[in-house]
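Take a look at the structure below.
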Amino acid sequence: MTRKVTDFIVVGSGIAGLMTALSLGGSGQVILLTKAREEESNSYRAQGGIAAAIGEDDSPELHRQDTLRTGAELCDPGSVDVLVEMAPQTIQLLTKWGTRFDRDGDRWALGREGSHSVSRILHIAGDATGAGITSSLLEQVRNHSNIRFITHTMVADLIVSEGACRGVVTVDEDRGPVYYMARKGVVLATGGCGQVYRYTTNDLVSTGDGFAMARRAGAALMDMEFIQFHPTALAVEQNPMFLVSEAVRGEGAFLVNDQGEAFMERYHEWKDLAPRDVVSRAIFSEMQAGRKVFLDAGQIGSRFAERFPKIYRECRKYGIDPARSLIPVTPAAHFVMGGIRTDVYGRTTLPRLFACGEVACTGVHGANRLASNSLLEGAVFAQRVAAELSSYTDQSIGVPGVLVPALCKDKQTEDSWKQQIKEIMWNHAGIVRSAQGLKEGILKLRKLREQIPAGFFECNNMLTSAQMIMEAALWRQESRGGHYRYDYPEPIPEWSQKHNVI
Ligand SMILES: Cc1cc2nc3c(=O)[nH]c(=O)nc-3n(C[C@H](O)[C@H](O)[C@H](O)COP(=O)(O)OP(=O)(O)OC[C@H]3O[C@@H](n4cnc5c(N)ncnc54)[C@H](O)[C@@H]3O)c2cc1C
């Protein structure tokens, strides 16, 4: 048995994992594990930007109000306070670690996105904010003498004994299991589970591993019914789907159907900059009525290529010139508001297990996430986790008693299981849900569970995440934020006090 001991274990190399590792690096030895290439994450894919109240017309209070309003009465106000108050200093820290946000002369260039009352979105190279931030953090991590960064290594499970998390066990294609034990604690920064849906903007690594591991370990998860569907993924068949950032609508582009109608007027007073769930459902309704949907970015014209170079290049690949032709779009699963329940220090309900970033449910997003608040959440709460965890005394780590099956390597079979999960989720727990559809979906997932062998780790984790989403969605008999039930189409006040805790 291979066993390695360190002070801190961090799982995931997105913004949350990298920031946690860097913030812990001064306090002890860190092992940072990630299951694919170092930059393979949703953080790297992020486009539009990161929110912070640093403009002259802005304040943490305004940012707070926008976040709470978008969260549809389900946010945790204490967590939101931490998020918005720490945002400006977090931008400074990122800058210190080499991130270069776009500037407009001697000021920050601030963009506007849906549901923000002012322009407060910092971005990099127009629409490559995630790549810009993660590249500079990766550079810091590579040069840090206290951080050992191990890629292409999948964490299969948490090691729990005597009521606390002691470490993790990994599997990879070439070796047997390796047991990594942590003297201080383990941090899950494994991101979301968009890959459980047929249409998603999420990277292939987003298979809900952290949610499933936490569940198996007995940590509480919360609010799993709330999934954000981004309204405007580029409507060409690919996985992941390419995102046409909300910032494009922020610059004046608007949605039209194939009859030339700017239909958002019919759905919301804020039209194209209405909350994401409203815009996604509006597009879904248009599509259900047999109409195709496009973004008209003609107003941005020749500035498009300069302001959104990445989106421009992707559109051109499919023969679309955003300055002249309409961009075909469709909603796609984008973000999980729920996750492993944590307090404002990232502590889960399992001692010595911490979580931050998309895998965590800090309560900052409530029922719906405000655009550009998730990179911020990862960066802010990573610092909180590190500050808390570095104060811990050493635990006794003992001998790991976890057995893991061998990794199944049959890619074709794995892809076929995954495709079945994705279809079930899209059809039964998608943008519009109902009790009957969810019940049918739960039965289908149960049948799949009986068939998938344990060595297909990602498939099993996807199934566990999918089941939690379905069951929570069935439980919530109302519509709120990212959760819409056509059998209960309105928010019901009593439900604003209730959270689904698994
Ligand atoms: C296309 C796109 C655009 C976006 N644009 C924005 C934006 O402009 N602004 C914004 O605020 N948010 C945006 N988001 C959301 C935001 O990017 C994510 O919510 C955020 O980056 C999540 O960061 P994270 O560190 O928690 O997880 P991720 O960045 O997803 O990283 C998760 C990491 O965990 C690793 N991992 C997972 N499971 C395991 C395992 N079992 N073992 C080992 N490693 C594992 C993965 O390989 C990966 O390295 C966007 C998302 C997408 C998909």
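The values are calculated or read from the model by the stated rules, or taken from the named source; none is laboratory data. Note that the structure is a prediction, hence the values are computed from the model and not measured. Note: ideal-geometry Cβ built from the backbone for every residue, glycine included; neighbour counts use all protein chains shown. Accessible surface is based on the protein model in full, side chains and every heavy atom, while ligands, DNA and RNA are left aside. Shrake-Rupley method; radii C 1.70, N 1.55, O 1.52, S 1.80 Å.
For the reader, a short list of remarks on this structure follows.
- Checked against (1) part of a helix (DSSP H, G or I); (2) away from the ligand (no atom under 11 Å from the Cβ), Ala182 meets all criteria but (1).
- Between Phe254, Phe263, the distinction of being at pLDDT 95 or above, in contact with a helix residue (DSSP H, G or I) (Cβ under 8 Å, 6 or more places away or on another chain), under 23 Å from Ala109 (Cα atoms) and not charged (D, E, K, R) belongs to Phe254 only.
- If you go through the stretch 378-432 and keep only what is more than 21 Å from the chain's Cα centre (by Cα), surrounded by 14 or more Cβ atoms within 10 Å (Cβ to Cβ) and under 30 Å from Ala51 (Cβ atoms), you end up with Ala387, Glu388, Leu389, Ser390.
- Qualifying residue in the stretch 196-211 (condition: more than 9 Å from the ligand (Cβ to nearest atom), over 18 Å from Thr2 (Cβ atoms), open to solvent by less than 10 Å² (accessible area, probe 1.4 Å) and assigned to a loop (DSSP other than H, G, I, E, B)): yes
- Unique match (being within 14 Å of the ligand (Cβ to nearest atom) and either more than 17 Å from the chain's Cα centre (by Cα) or open to solvent by 10 Å² or more (accessible area, probe 1.4 Å) (or both)) among Arg107, Arg45, Arg103, Arg3: Arg45
- Looking across the stretch 434-450, the residues that are open to solvent by 20 Å² or more (accessible area, probe 1.4 Å), closer than 20 Å to Ala212 by Cα and not acidic (Asp, Glu) come down to Leu443, Lys444, Arg446, Lys447, Arg449.
- Test result for Gly290, small (Gly, Ala, Ser) and either open to solvent by 60 Å² or more (accessible area, probe 1.4 Å) or modelled with pLDDT of 95 or more (or both): yes
- When residues of the stretch 84-99 are limited to those that are within 23 Å of the chain's Cα centre (by Cα) and in a loop (DSSP other than H, G, I, E, B), the one farthest from Thr129 (Cα to Cα): Trp97
- Which listed residue, of Phe354, Phe381, Phe304, is touching a residue at least 12 places away in the same chain (Cβ under 8 Å), within 29 Å of Ile91 (Cα to Cα), outside the structural domain of Val11 (by TED's automatic domain parsing) and aromatic (Phe, Trp, Tyr): Phe304
- Residue check for Leu375: open to solvent by 10 Å² or more (accessible area, probe 1.4 Å) and either within 20 Å of Leu122 (Cα to Cα) or of a type in the set (Ser, Thr, Tyr) (or both): yes
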